[in-house]
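One structure below.
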Amino acid sequence: MEEKYQTYLTFSLGKENFAINVEHVEKILEVQPVTEVPKAPEYMLGVFNLRGEVIPLVDTRIKFGMEKTEVTSSTCVLVITIENENEKLKLGAMVDAVNEVVKYNNADLIPLPTVGKQNKAEFLHGVLKLNDRFVLLVNADKIFSVDEIIELRAENFELNE
């Protein structure tokens, strides 16, 4: 049987370690200046310009039920592509720090325990043990619900009126 490896980018939110499949990561940027969007959800900080493209910027800590991000020198923005109903959407996810790129064998993935269903659990694939720590694997396509995807679509942010 052939071993199947995946490559993930690990990042930190507070003391927690997460990883996202590198196939979803388009760029890693410094924190971008944003234009606030009226009546946007709390986790959405606004939109920024990436080579003429309007990209929504999300505070990943708020989205994951944590406290608002305190911007530091290690804070950065992952420009990720998510797919929902065959539609691709780019967004910026602000994270506390990007750590490393890791490869893991699918067989090494530990399923999430089902003790008490936490809000975060629906968009996590499972857990990976890296050295002496656990890393939560994010399912990028499931981070946002269909309603949230509709709110984040770029055509909702026509800024050139």
> So which residues in the range 47-90 are at pLDDT 90 or above, part of a helix (DSSP H, G or I) and either under 11 Å from the mean Cα position of the chain (by Cα) or among the polar types (S, T, N, Q) (or both)?
Replying inline: 60, 61
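If a residue has to be part of a loop (DSSP other than H, G, I, E, B), without any contact (Cβ under 8 Å) to a residue 40 or more places away in the chain and charged (D, E, K, R) to count, how many in the range 91-117 make the cut? Break it down stepwise before answering.
Applying the first criterion (part of a loop (DSSP other than H, G, I, E, B)) to the range 91-117 yields 96, 109, 111-117.
When the remaining residues are screened for being without any contact (Cβ under 8 Å) to a residue 40 or more places away in the chain, the result is 109, 111-117.
After this cut, where a residue has to be charged (D, E, K, R) as well, the list is 117.
The number of residues fulfilling the criteria is 1.
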> Looking at (1) more than 25 Å from residue 132 (Cβ to Cβ); (2) loosely packed, with under 15 Cβ neighbours inside 10 Å; (3) of a type in the set (A, V, I, L, M), which is the one condition that is false for residue 107?
Replying inline: (1)
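Out of 31, 135, which single residue is buried (at least 17 other Cβ atoms within 10 Å of the Cβ) and more than 27 Å from residue 6 (Cβ to Cβ)?
Working: 135 fails: more than 27 Å from residue 6 (Cβ to Cβ).
Of the residues listed, the single one that is buried (at least 17 other Cβ atoms within 10 Å of the Cβ) and more than 27 Å from residue 6 (Cβ to Cβ) is 31.
Could you list, in sequence order, all residues of the range 3-37 that are among the charged types (D, E, K, R), within 18 Å of residue 96 (Cβ to Cβ) and not in a strand (DSSP E or B)?
At the first step, the residues of the range 3-37 found to be among the charged types (D, E, K, R) are 3-4, 15-16, 23, 26-27, 30, 36.
Next, only the ones that are within 18 Å of residue 96 (Cβ to Cβ) stay: 15-16, 27, 30.
Once the filter is applied, which keeps residues that are among the charged types (D, E, K, R), within 18 Å of residue 96 (Cβ to Cβ) and not in a strand (DSSP E or B), the range 3-37 yields only 15.
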> Do we have any residue at all in the range 15-29 that's in contact with a Phe, Trp or Tyr (Cβ under 7 Å, 6 or more places away or on another chain), touching a residue at least 24 places away in the same chain (Cβ under 8 Å) and more than 19 Å from residue 126 (Cβ to Cβ)?
Replying inline: no
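Condition check ((1) closer than 20 Å to residue 125 by Cβ; (2) surrounded by fewer than 20 Cβ atoms within 10 Å (Cβ to Cβ); (3) touching a Leu at 6+ places or on another chain (Cβ under 6 Å)) across all residues:
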position: 52; (1), (2), (3): no, yes, no
position: 62; (1), (2), (3): no, yes, no
position: 65; (1), (2), (3): yes, yes, no
position: 72; (1), (2), (3): no, yes, no
position: 77; (1), (2), (3): no, no, yes
position: 86; (1), (2), (3): no, yes, no
position: 100; (1), (2), (3): yes, yes, no
>> Checking residue 40 against (1) surrounded by fewer than 19 Cβ atoms within 10 Å (Cβ to Cβ); (2) part of a strand (DSSP E or B): exactly one of these is not met. Which one?
In response: (2)
>> Pairs please, first residue from the range 130-153 and at pLDDT below 75, second anywhere and in a helix (DSSP H, G or I) and surrounded by fewer than 20 Cβ atoms within 10 Å (Cβ to Cβ), Cβ atoms under 9 Å, 6+ apart in sequence or on different chains.
In response: 144/123; 144/151; 145/122; 150/156
> Any idea how many residues of the range 5-21 are loosely packed, with under 14 Cβ neighbours inside 10 Å and under 17 Å from residue 141 (Cα atoms)?
Replying inline: 1
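The values are calculated or read from the model by the stated rules, or taken from the named source; none is laboratory data. Quick caveat, the model's predicted, so the values are computed rather than measured. Note: ideal-geometry Cβ built from the backbone for every residue, glycine included; neighbour counts use all protein chains shown.
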